[in-house]
Amino acid sequence: MKILVTGGAGFLGGRIVKALLSRVHEVVLMIRGGRRRGLPEEASIVDGDVRDADLFLKAAEGCHAIIHTAAMVKIWSPRLQDFDDINVGGIRNAIAAAKARGIRLVYTSSFFAVGPTGTSPADESQTHPGGYGNDYERTKALADEVARGYAREGGDIVILYPGVVYGPGELTDGNLVAKLLADQMNGVLPGIVGPGDRLWSYAFVDDVAEAHVAALEPARKGERYLLGGANATLNEVFDIASKRTGRDLRPRRLPLGLARVIGRAMWIWADVTGRMPDLTHQAVGIFEKNWAYRSDKAVRELGYRVRPLEEGIRSTVDWLVEEGHAR
């Protein structure tokens, strides 16, 4: 099959592309600027922006499916409207292109679109209750409403909700866990926000990529799947890393109240300078909540693998050392 992938230059998107190519699918990547940047030579590159509906439609010509992973994943932007244009406008354009071409759309949403949980993991019956921490969470929830609306109309869409995706690959904002581990191993991490005892659902990147390939065919149209993993705390993540390296990698903890003050100051400074802040008062709210999910449906229907956290963190730590990202 010929598959159009948006966001294929990112951490998760790049793994999805490799998984598709390994199945001998023909892959077309729609990338703003059209730069290959080390992407596989087997993939074709189309210079396009998900905000451009006409280009999206043209890029989908001759394709059998679209995998839409492109999103604005940031804690701040000098132009907040970009969150709406890319995250919400992007899925609208993806749906329009899929509908016009009569093909399946696999949409990579986010656990943020499902919303925070209690200590008991949530499943696909949960939708976001409202009350958004930042513009990323807000626009991913709004985009999810658009996608679910298309599903209710009978559209051929499968919606995937990855948890906190981590693993070897790239040290980007989309691979927060690896970045935190690398900084702590290098002795430059100031600390983590809060007590580190909230539950997050950690999803290994290769497992999430494989689920995207599976969603092309076995999944029924209109279905939603949580692609979570081990529900664990940041403290547990650093404990596993400590065991693997033989060093005490437990980080300092920044009290939530102080973190909010610092985050507010960084937000104001970012507005003045135009530089991306390391923390915002809004982002602090993420560390205050639990984000725990069940992936039973994806395991049952997509063959999704929930990788043990210890196995995933060990391989991430080993990769950081082998590639010279950490010592």
Can you list the helices (runs of 4 or more DSSP H) lying wholly within region 253-327 that have 2 or more residues being hydroxyl-bearing (S, T, Y) and closer than 22 Å to L171 by Cα? 309-322
Restricting region 150-166 to residues that are touching a helix residue (DSSP H, G or I) at 6+ places or on another chain (Cβ under 8 Å) and among the β-branched types (V, I, T), which is surrounded by the fewest Cβ atoms within 10 Å (Cβ to Cβ)? V164
If we keep just the residues of region 87-117 that are within 30 Å of E288 (Cα to Cα) and in a strand (DSSP E or B), which is most open to solvent (accessible area, probe 1.4 Å)? T117
Based on this model, can you work out whether A141 counts as modelled with pLDDT of 95 or more, touching a Pro at 6+ places or on another chain (Cβ under 8 Å) and not polar (S, T, N, Q)? no
From the list L226, L234, exactly one residue is in contact (Cβ under 8 Å) with a residue 24 or more places away in the chain, surrounded by 21 or more Cβ atoms within 10 Å (Cβ to Cβ) and touching a Ser or Thr at 6+ places or on another chain (Cβ under 6 Å). Which is it? L226
Scanning region 23-54 for residues that are free of Cβ contacts under 8 Å to residues at least 40 places away in the same chain, open to solvent by 50 Å² or more (accessible area, probe 1.4 Å) and acidic (D, E), which turns out nearest to A94 (Cα to Cα)? D54
Out of everything in region 1-54 that is part of a helix (DSSP H, G or I) and more than 18 Å from N175 (Cβ to Cβ), what residue ends up being nearest to the chain's Cα centre (by Cα)? L20
Can you run down the residue pairs with Cβ atoms below 7 Å, 6 or more apart or on separate chains, where the first is in region 83-98 and more than 16 Å from I66 (Cβ to Cβ) and β-branched (V, I, T) and the partner is open to solvent by 10 Å² or more (accessible area, probe 1.4 Å) and assigned to a helix (DSSP H, G or I)? V88/L142; V88/V146
Would you please list the contacts, defined by Cβ atoms under 6 Å and residues six or more apart or on different chains, that run from a residue in region 170-196 that is within 20 Å of L256 (Cβ to Cβ) and open to solvent by 10 Å² or more (accessible area, probe 1.4 Å) to a residue that is at pLDDT 95 or above and small (G, A, S)? V193/A259
Within region 55-70, residues of a type in the set (G, A, S) and either open to solvent by less than 40 Å² (accessible area, probe 1.4 Å) or assigned to a strand (DSSP E or B) (or both) come out as A59, A60, A65, A70
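The values are calculated or read from the model by the stated rules, or taken from the named source; none is laboratory data. Everything numeric in this text was worked out from a predicted model, so none of it was measured. Cβ: placed from backbone, ideal geometry, glycine included. Neighbour counts: every protein chain shown. Ligands, DNA and RNA are stripped out before the accessible areas are found, and what is left, the full protein with its side chains, is counted by its heavy atoms. Shrake-Rupley method; radii C 1.70, N 1.55, O 1.52, S 1.80 Å.
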